[in-house]
Amino acid sequence: MAVVAPQWLQDGLAVVIKAISNVQLVVCTGSIHTLLLLDLERSPDLVILALDESDLKERNPIRQIKFAYPLARCLVLIQDPAQGSVVLANGADETLLQGASAEQFSQAIRRQIPGRQADNSGGTA
């Protein structure tokens, strides 16, 4: 799994992700460009993006991710519920408000990991 989020959000997301069994956080960065330049051993199953509205207007980071990692799912953390339909139309697999609880965040991750059961039985994603 990869996370692209502002620095202030990265630590909290990493803590929640590391608490989920069967999920491995491979990279946590503040930039789509950094993620795309990394030579990852394998494509992430899930990319979590924290976007603001200007990110979607200037470029489409979701489509950039899907182009680089065609099998990756994208969970996009949005700031406003009104952004949801725009983000989904731009290729996101799911959206979640940035203020969601840790449990809601964990559940969204579990829904997006294809063919894997993200529970407490071991393994990685």
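The values are calculated or read from the model by the stated rules, or taken from the named source; none is laboratory data. Being a predicted model, the structure only gives us computed values, none of them experimental. Counting neighbours? That spans all protein chains shown, and the Cβs are built from the backbone with ideal geometry, glycine included. For accessibility, only protein heavy atoms count, side chains too; no ligands or nucleic acids. Shrake-Rupley method; radii C 1.70, N 1.55, O 1.52, S 1.80 Å.
For the reader, a short list of remarks on this structure follows.
- Within the stretch 1-37, the set of residues being part of a loop (DSSP other than H, G, I, E, B) and open to solvent by less than 70 Å² (accessible area, probe 1.4 Å) comprises Met1, Ala5, Pro6, Ile20, Ser21, Asn22, Val23, Leu25, Gly30, Ser31.
- For the stretch 5-50, the tally of residues that are in contact (Cβ under 8 Å) with a residue 60 or more places away in the chain and closer than 18 Å to Leu71 by Cβ stands at 6.
- Among the residues of this structure, Gln107 counts as one that is at pLDDT 90 or above and polar (S, T, N, Q).
- A search for C-beta distances below 6 Å between a residue of the stretch 62-79 that is within 14 Å of Met1 (Cα to Cα) and any residue that is part of a strand (DSSP E or B) and among the hydroxyl-bearing types (Ser, Thr, Tyr), counting only pairs 6+ apart in sequence or on different chains, returns Val76/Thr95.
- Residue within the stretch 76-98 that is open to solvent by less than 30 Å² (accessible area, probe 1.4 Å), closer than 16 Å to Ile113 by Cα, touching a Lys or Arg at 6+ places or on another chain (Cβ under 6 Å) and outside any loop (DSSP other than H, G, I, E, B) present: no
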